[in-house]
1. Mind checking whether some residue in the range 105-117 is farther than 17 Å from PHE44 by Cβ, modelled with pLDDT of 80 or more, assigned to a loop (DSSP other than H, G, I, E, B) and in contact with an Asp or Glu (Cβ under 8 Å, 6 or more places away or on another chain)?
2. How about the range 104-120: which of its residues are of a type in the set (A, V, I, L, M), under 21 Å from THR15 (Cβ atoms) and within 19 Å of the chain's Cα centre (by Cα)?
3. Restricting attention to the range 23-45, report how many residues are in contact with a helix residue (DSSP H, G or I) (Cβ under 6 Å, 6 or more places away or on another chain) and surrounded by fewer than 16 Cβ atoms within 10 Å (Cβ to Cβ).
4. Consider the range 118-133. How many of its residues are assigned to a helix (DSSP H, G or I), open to solvent by less than 60 Å² (accessible area, probe 1.4 Å) and either touching a His at 6+ places or on another chain (Cβ under 6 Å) or not hydrophobic (A, V, I, L, M, F, W, C) (or both)?
5. What do you reckon, is LEU17 under 20 Å from the mean Cα position of the chain (by Cα), free of Cβ contacts under 8 Å to residues at least 24 places away in the same chain and outside the structural domain of ALA126 (by the TED database)?
Amino acid sequence: MKKILTYSLKVGFTTLLVSPILSLIIMYSFMALVYLIKPTNWGFAASIDFYDIAVLTSIITVVLPFAIYRAMKSTPGVYNKKSQITISTFFVSIPLFYVYFHIIRSVVGYSLGNILLMVVPNVLVAILSIRFYRLNIGTPVPGVDINEQ
């Protein structure tokens, strides 16, 4: 269980460090595009709340060990266990973030672009982190460890 928690924290910290940078790169790219087009009656306004990015990352980090445990307890089948971990994590964490965002935070001040600017890079970095890091649980589990022995 300690290795699963370490894996989850690695994914969470990587997502927390890289996701805001990727969000800013996307936001500044859109601003540069607007500057290049120079429309007279159109502007670009975006705000990224790093607190919301941290909450989504923490939800993913908390849900990930449960998804790993569930995938390890499932019967071997056609599907890859790593894909099952990824899909289970996001099918639980995105609705939880939706509930947080609509109940705890007021969504009135956010546009769809702002929400997507926070969520899409975070989910993309988390998926890549889950795929990139090797899950060391002692003995290699078929379909979970990339470098099976």
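The values are calculated or read from the model by the stated rules, or taken from the named source; none is laboratory data. Since the structure is predicted, the reported quantities are computational estimates derived from the model, not experimental observations. Here the Cβ is made from the backbone with ideal geometry for all residues, glycine too, and neighbour counts use every protein chain on show. Heads up: the accessible areas ignore ligands, DNA and RNA and are worked out on the full protein's heavy atoms, side chains in. Shrake-Rupley method; radii C 1.70, N 1.55, O 1.52, S 1.80 Å.
1. For the range 105-117, residues farther than 17 Å from PHE44 by Cβ, modelled with pLDDT of 80 or more, assigned to a loop (DSSP other than H, G, I, E, B) and in contact with an Asp or Glu (Cβ under 8 Å, 6 or more places away or on another chain): absent.
2. Once the filter is applied, which keeps residues that are of a type in the set (A, V, I, L, M), under 21 Å from THR15 (Cβ atoms) and within 19 Å of the chain's Cα centre (by Cα), the range 104-120 yields ILE115, LEU116, LEU117, MET118, VAL119, VAL120.
3. 1
4. 3
5. So LEU17 fits the description; yes.
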